[in-house]
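In what follows, a single structure is set out as structure tokens and then discussed.
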Amino acid sequence: MASLKLQIKLQAARVYGILDTTYLTFDAMTKVVEQLLQGGIDLLQLRAKHSTKEEIIAMGRAILPFTRAAGIPLLLNDYPDLVKIVGAQGAHVGQEDMSLQEARALVGEEAILGLSTHSLEQVQQSIAQQPDYIGFGPLFPTPTKPDAPSIGLTNIAAAQSMVDFPLFCIGGINLRTLPQVIDAGAHLVVMVSALLNDENRVELIPKIKKLLPQ
């Protein structure tokens, strides 16, 4: 379980951004991070599926001064073993990665640890694993995970009723699809391409927050 300080930040988080290197070059990353933080992003994750560990460490260390100054947690996707090296505040792992118990041993007891889920069965299984939060999706087809079948909106409310930790909906969410996602019961969202492809991201984040349930 994450530290009380990080739990408080996590409980208050509503819009979670992912810095995905599919859309973002290393050179552009710090500028985008500054804009996301200025816009009011609540959590940031670095997802670099095709980068080396050395490159991820370099990117994480470049981002960290900005997120730390803003008081926003930085999480690393897939690499719990790099969290302490980078100085990040946690990690996110998928269903095919190491167990949450193994990941917790690497990130430490104080860090945030998140888990991807793609079905109600996986949401149910996550309860015993005790993540600090889960991602639920992908709701819609998304270029970031072309091989992952979308799960639709039907089970959002049911999934949320099963857990007492934050559940962030993810996958193809943008200003166009967001109203449908909210109508289906979502309270918290992850956005990737919607934030990274929009040059007006500073203004976009407050618009998203106004739409989300209070």
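Based on this model, can you work out whether residue 97 counts as within 21 Å of residue 3 (Cβ to Cβ), acidic (Asp, Glu) and touching a Pro at 6+ places or on another chain (Cβ under 9 Å)? Walk me through how you get there before you give the answer.
Working: within 21 Å of residue 3 (Cβ to Cβ): no; acidic (Asp, Glu): yes; touching a Pro at 6+ places or on another chain (Cβ under 9 Å): yes.
No: the conditions fail for residue 97.
Can you tell me which residue is surrounded by the most Cβ atoms within 10 Å (Cβ to Cβ) among those in region 163-213 that are free of Cβ contacts under 8 Å to residues at least 60 places away in the same chain and either of a type in the set (Lys, Arg) or more than 27 Å from residue 122 (Cα to Cα) (or both)?
Within region 163-213, the match that is surrounded by the most Cβ atoms within 10 Å (Cβ to Cβ) is 198.
Which members of region 94-136 meet the condition of being hydrophobic (A, V, I, L, M, F, W, C) and closer than 17 Å to residue 149 by Cα? Walk me through it before giving the result.
Going through region 94-136, the residues hydrophobic (A, V, I, L, M, F, W, C) turn out to be 98, 100, 103, 105-107, 111-113, 115, 120, 123, 127-128, 134, 136.
120, 123, 136 - these are the residues of region 94-136 that are hydrophobic (A, V, I, L, M, F, W, C) and closer than 17 Å to residue 149 by Cα.
Quick one: in region 110-145, which of the residues that are assigned to a loop (DSSP other than H, G, I, E, B) and aliphatic (A, V, I, L, M) is farthest from residue 186 (Cα to Cα)? Spell out the reasoning first.
Of the residues in region 110-145, the ones assigned to a loop (DSSP other than H, G, I, E, B) are 110-111, 118-119, 130-132, 137-145.
Still in the running and aliphatic (A, V, I, L, M): 111, 139.
On the way: 111: 25, 139: 11 Å.
Among those that are assigned to a loop (DSSP other than H, G, I, E, B) and aliphatic (A, V, I, L, M), it is 111.
When the residues of region 15-35 are filtered to those that are β-branched (Val, Ile, Thr) and at pLDDT below 95, which remaining residue is surrounded by the most Cβ atoms within 10 Å (Cβ to Cβ)? Talk me through it step by step, then tell me what you get.
The initial filter retains those residues of region 15-35 that are β-branched (Val, Ile, Thr), namely 15, 18, 21-22, 25, 30, 32-33.
Narrowing the set further to residues that are at pLDDT below 95 leaves 22, 25.
Numbers: 22: 15, 25: 8.
The selected residue is 22.
Say whether the condition of being touching a residue at least 60 places away in the same chain (Cβ under 8 Å), surrounded by 23 or more Cβ atoms within 10 Å (Cβ to Cβ) and not aromatic (Phe, Trp, Tyr) is met by at least one residue in region 51-71.
Taking region 51-71 and keeping what is touching a residue at least 60 places away in the same chain (Cβ under 8 Å), we get 71.
From what is left, the residues that are surrounded by 23 or more Cβ atoms within 10 Å (Cβ to Cβ) are none.
No.
Which condition number does residue 190 fail, the rest of (1) within 16 Å of residue 19 (Cα to Cα); (2) part of a loop (DSSP other than H, G, I, E, B) being met?
It fails just one condition, (2).
Out of (1) buried (at least 21 other Cβ atoms within 10 Å of the Cβ); (2) more than 17 Å from the chain's Cα centre (by Cα), what's the single condition that is false for residue 127?
If we test residue 127 against (1) buried (at least 21 other Cβ atoms within 10 Å of the Cβ); (2) more than 17 Å from the chain's Cα centre (by Cα), just (1) comes out false.
The values are calculated or read from the model by the stated rules, or taken from the named source; none is laboratory data. This one's a predicted model, so the numbers in the text were calculated from it and none came from an experiment. All Cβ positions, even for glycine, are placed from backbone atoms using ideal geometry, and neighbour counts span all protein chains on display.
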